[in-house]
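> I have a structure I would like to understand better, so I am pasting it below and will then ask my questions one at a time.
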Amino acid sequence: MSQNKGDENLRPRLLKEYIGQGNVVKTLKLFIDAVKKRGKASEHILFYGPPGIGKTTLAYIVANELKGEIKVTSGATITKTGDLAAILTNLKDNDVLFIDEIHRLPKAVEEILYPVMEEYSLDIIIGKGPSARTVRLPVPRITIIGATTKLAMLSSPLRDRFGLLLRIDYYTDSELEEIIKRSANILGIPITSFAAKQIALRSRKTPRLANRILKRARDILEVDHHLQIDEKLLSKLFGLLEIDEVGLVDIDKEYLKILADKFGNQPVGVETIASALSEDVRTVEEFIEPYLLQIGFIKKTSRGRQLTSKALSHLKLSLI
C-alpha cells in the first residue's frame, strides 16, 4: 500500500467502521435505514461540536451508505446565490451536499437554501428591476449536511429546517486508543499498546490530532529505522512536538503560568489574558480555552478566568 493511499484510507467509509459517538451512530443508522426503505431522502442533518472530531467523516459515511456522491463546500466560499445554484445543478438523487462552517453562509444564500431543503426546488431570479421574475427549478432529492462549531450563530429558520441535529462530542481516551491502533494498522505501522495509549492521552480528545501525532511518529520510525512505535520513540517525538503528558503545548502552559504567576490566580478577564499572551481574544477563546475547560484546568467566573486545583497541581509537577 502506498503512503498516500494509506493516508486517504484513514477515514472510515461505513458506520460499522466508525469508532465512538455511539448515540450519533445509532441515530444515523436509523436515518439511513429509513431512507433506504422509502427510497428517497426526506430530512437534512446538522452536525455541531468542536473541530477535529469527525463531522466531515460522518458526512462522507452518510454519502457512502446512501450510495451517493458527496460535494464538499464551506459556508465561507459560497459568497453568492449563483455559487449555490452551480453546485446544485451538478448533483443527483441520493447525493450529499456537505456545507462545513454553515454558520458563515451569507444571508442571501441561506434564504435561497430554504426551498431547496423543504421542497427540493431552487428559486432563481432572472433579470433586474421591475422586469425581474423568479423561475423555480427542480433539485434532485439530496441530503444536505451542515457542520458548525458554533450552533448559536445559525439563524433559527435555517436551524429549524434540519430534521436531525446531532452533537459530536469529544472522545474518551479508550476510543482514541482504538482509533490510533486502527490507523496504525491501515498505515502498516507496528505500535505497542503502551504507545497507542500515550498518544491517546496527548490527543486533546480529538481523532484529527491523534492521527496527526501518529503520522509524525511514523516519520521518526522511518527516518531513524525503528522497528515499532514504542516508549523510546515517543520520548523523542513528544520532546520535538513539545507536548506534555496531558496534551498541553507551549501556548497552553504559558496561559496557565500567566494566571498562576503574573496574576496570582486571581480572576482575570480574557482580554487581559490575550494581551499578556500577545494573541487575539478569538484565539484564546476558540483554540486554547476549550481544552483547558474540558480537562478541568480552568474555570470561568463572573469576574474572569481562574485555575483549578487540578491545574495548579499539574504546574507544580511539570516544574519539578
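The values are calculated or read from the model by the stated rules, or taken from the named source; none is laboratory data. Owing to the predicted nature of the structure, the values given are computational and were not obtained by experimental measurement. Because the Cβ atoms are built from the backbone with ideal geometry, glycine has one as well, and the counts that use them run over all protein chains shown. The accessibility values were calculated without ligands, DNA or RNA, using every heavy atom of the protein model including side chains. Shrake-Rupley method; radii C 1.70, N 1.55, O 1.52, S 1.80 Å.
> Return yes or no: is residue 143 polar (S, T, N, Q) and open to solvent by 60 Å² or more (accessible area, probe 1.4 Å)? Spell out the reasoning first.
Details: polar (S, T, N, Q): yes; open to solvent by 60 Å² or more (accessible area, probe 1.4 Å): no.
Considered against the rule, which asks whether it is polar (S, T, N, Q) and open to solvent by 60 Å² or more (accessible area, probe 1.4 Å), residue 143 comes out as no.
> Give me the helices (runs of 4 or more DSSP H) completely within the stretch 1-92, filtered to those with at least 2 residues that are crowded, with 19+ Cβ neighbours inside 10 Å and charged (D, E, K, R), ordered by residue number. Explain how you work it out, then say what you get.
Details: elements: 3-8, 22-38, 55-65, 81-88.
Helices (runs of 4 or more DSSP H) meeting the threshold: 55-65.
> Quick one: which of 106, 130 is open to solvent by 20 Å² or more (accessible area, probe 1.4 Å) and touching a residue at least 24 places away in the same chain (Cβ under 8 Å)?
Numbers: 130 fails: touching a residue at least 24 places away in the same chain (Cβ under 8 Å).
One residue alone meets the criteria, 106.
> Taking interchain pairs and intrachain pairs at least six residues apart, which have beta carbon atoms under 7 angstrom, with the first residue in the stretch 156-176 and touching a residue at least 24 places away in the same chain (Cβ under 8 Å) and under 17 Å from residue 98 (Cβ atoms) and the second part of a helix (DSSP H, G or I) and of a type outside the set (A, V, I, L, M)?
158/110; 161/114; 161/118; 164/27; 164/31; 166/27; 168/55
> For residue 311, state whether it is over 28 Å from residue 173 (Cα atoms) and part of a helix (DSSP H, G or I). It would help to see each step written out before you state the result.
Working: over 28 Å from residue 173 (Cα atoms): no; part of a helix (DSSP H, G or I): yes.
Here the answer is no, as residue 311 does not meet what is asked.
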